[in-house]
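S.K.: The structure is given below, and queries will be raised subsequently.
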Amino acid sequence: MIEGFAHMTMRWMLGLLVLILSLSACGSKPSKPNDTQVAAVKADGPKIYQNFCISCHGNQLQGAQGPNIQKVGERLTEEEIIKRIQKGGGGMPPFQVALKEDELKALAAWLAELKQW
Ligand code: HEC
């Protein structure tokens, strides 16, 4: 009885110790992430576009239900694009809730770069 209980407690403490060690190891070693790690973490504009926007703006951004936005960077700044995506309007739904801030930013930054090529 007592032995079993002690055994359980030991296991629990060991688990806690491992957790604390791994947490502190994380905090004490601020290694700079390399480029591939950054790319994996960073929100990806084109991918978000595929998930949320393609149905109305087309797979080439050529437009369908929504307008062509292939060169939207010529007309709108990143800020304006962010507002547009957040608020929607004129037949476009607002994405304020669906998109996280970094996703919204990545998407708008990508679109703002689309200019005459
Ligand atoms: C349900 C269809 C629909 C979806 C989904 C949609 N849009 Fe739109 N979008 C529209 C329509 C319609 C307009 C034109 C609104 C107007 O005339 O004011 C528009 C306008 C825009 C504009 C302004 C274009 C310009 O030249 O002024 C941008 C930028 C835009 N959408 C980006 C996006 C992005 C990015 C997404 C995905 C997060 C998205 N849209 C999803 C329908 C949609």
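S.K.: Mind listing whichever residues of the range 41-100 are small (Gly, Ala, Ser) and touching an Asp or Glu at 6+ places or on another chain (Cβ under 9 Å)?
M.R.: Once the filter is applied, which keeps residues that are small (Gly, Ala, Ser) and touching an Asp or Glu at 6+ places or on another chain (Cβ under 9 Å), the range 41-100 yields Ala43, Gly45, Gly73.
S.K.: Further question on the same structure: From Ala98, Ala106, which residue is assigned to a helix (DSSP H, G or I), surrounded by 13 or more Cβ atoms within 10 Å (Cβ to Cβ), among the hydrophobic types (A, V, I, L, M, F, W, C) and within 17 Å of the chain's Cα centre (by Cα)?
M.R.: Step by step, each of Ala98, Ala106 is checked, and only Ala106 is assigned to a helix (DSSP H, G or I), surrounded by 13 or more Cβ atoms within 10 Å (Cβ to Cβ), among the hydrophobic types (A, V, I, L, M, F, W, C) and within 17 Å of the chain's Cα centre (by Cα).
S.K.: Could you tell me how many of the residues in the range 44-78 are in contact (Cβ under 8 Å) with a residue 12 or more places away in the chain, loosely packed, with under 15 Cβ neighbours inside 10 Å and part of a helix (DSSP H, G or I)?
M.R.: 2
S.K.: Look through the range 79-95, keep the residues that are surrounded by 17 or more Cβ atoms within 10 Å (Cβ to Cβ) and touching a residue at least 12 places away in the same chain (Cβ under 8 Å), and return whichever of them is farthest from the ligand (Cβ to nearest atom).
M.R.: Looking at the filtered set, the residue picked out is Ile82.
A short reminder: the numbers here are calculations on the coordinates, not readings from a lab. From a predicted model like this one, the values you see are computed outputs, not experimental measurements. Cβ atoms come from the backbone with ideal geometry, glycine included; neighbour counts cover every protein chain shown.
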